[in-house]
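The values are calculated or read from the model by the stated rules, or taken from the named source; none is laboratory data. For clarity, every value in this text was computed on a predicted model and none was experimentally measured. Note: ideal-geometry Cβ built from the backbone for every residue, glycine included; neighbour counts use all protein chains shown.
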Amino acid sequence: MEIRAVLFDLDNTLFDHAASARAGLDAFLQHLGTASTDDLARAWFQLEQSIYHRFLADELSFQEQRQERLRQFLPLAGRAVPVTDRLLDGLFDVYLQSYQDKWAAFPDAAPALRSLHDGGMPVGVITNGNHRQQTLKISKIGLGPLIRRTFSSESTGHAKPSPEAFIQPCKSLGISPAQALYVGDNFRVDVEGARNAGLQSIHLNRDGGGPEGTIQSLTELIPLLGAGTGAANDSITIL
């Protein structure tokens, strides 16, 4: 089945969230007067993941999940929890500013997207999260001109790995799910989610390993697809 659009996950696929978040956390802990340790970083990321899932499940608002993260993390860092939401928000803003200052795309992201874009292949993003923040990331890391559409869980009303999170973007692009290729780093959420919705998918595992067909870098994507910079209306067929 020929591919008529390539869709990507954002965080830890195109955007280096892990490195940006760790740098933001280090600066935040310095602000608190607490030494940064691997244990604290591990706890921060575990809380980020578990509490963010509550936001995706509509149990917490986007702002509430930030507040809850701090309520659970600050005692681990030996710091008191502010008594009001306003103070919590102000404290989270300290982390957020440091995090945003370190936003960066992976080095292989722009070249891969540019090859697809220049070859006339529609490129989109399907991402879980707050629509404003996710689109701001794309703009700040310089990928905006290469991406036709961004579909966030907030904008579609469906979070990955729900099939609708993948099917709605395909409908918006005027293609069938089988004509879309999805690339993501999380095997369960991205790869299995896309396949269950009828899309073709490729697992990006930057740490190496994985089943046959897994790639370690987006530099492998274009040769794998057999894509060059052909005519604007050409489509790509997976080899």
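Tallying residues that are among the aromatic types (F, W, Y) and more than 30 Å from L218 (Cα to Cα) within segment 70-123 yields 2. Could you say whether any residue in segment 21-34 is assigned to a loop (DSSP other than H, G, I, E, B), over 30 Å from L224 (Cα atoms) and at pLDDT 95 or above? Within segment 21-34, one or more residues are assigned to a loop (DSSP other than H, G, I, E, B), over 30 Å from L224 (Cα atoms) and at pLDDT 95 or above.
On the stretch given as segment 61-97, residues that are hydroxyl-bearing (S, T, Y) and either in a helix (DSSP H, G or I) or surrounded by 14 or more Cβ atoms within 10 Å (Cβ to Cβ) (or both) total 1. Has segment 145-166 got any residue that is modelled with pLDDT of 95 or more, in the same structural domain as R195 (by TED's automatic domain parsing) and touching an Asp or Glu at 6+ places or on another chain (Cβ under 6 Å)? Yes: one or more hits. Restricting attention to segment 98-126, and to residues there that are outside any helix (DSSP H, G or I) and over 20 Å from the mean Cα position of the chain (by Cα), which single residue is farthest from S172 (Cα to Cα)? For segment 98-126, the residue satisfying everything is G119.
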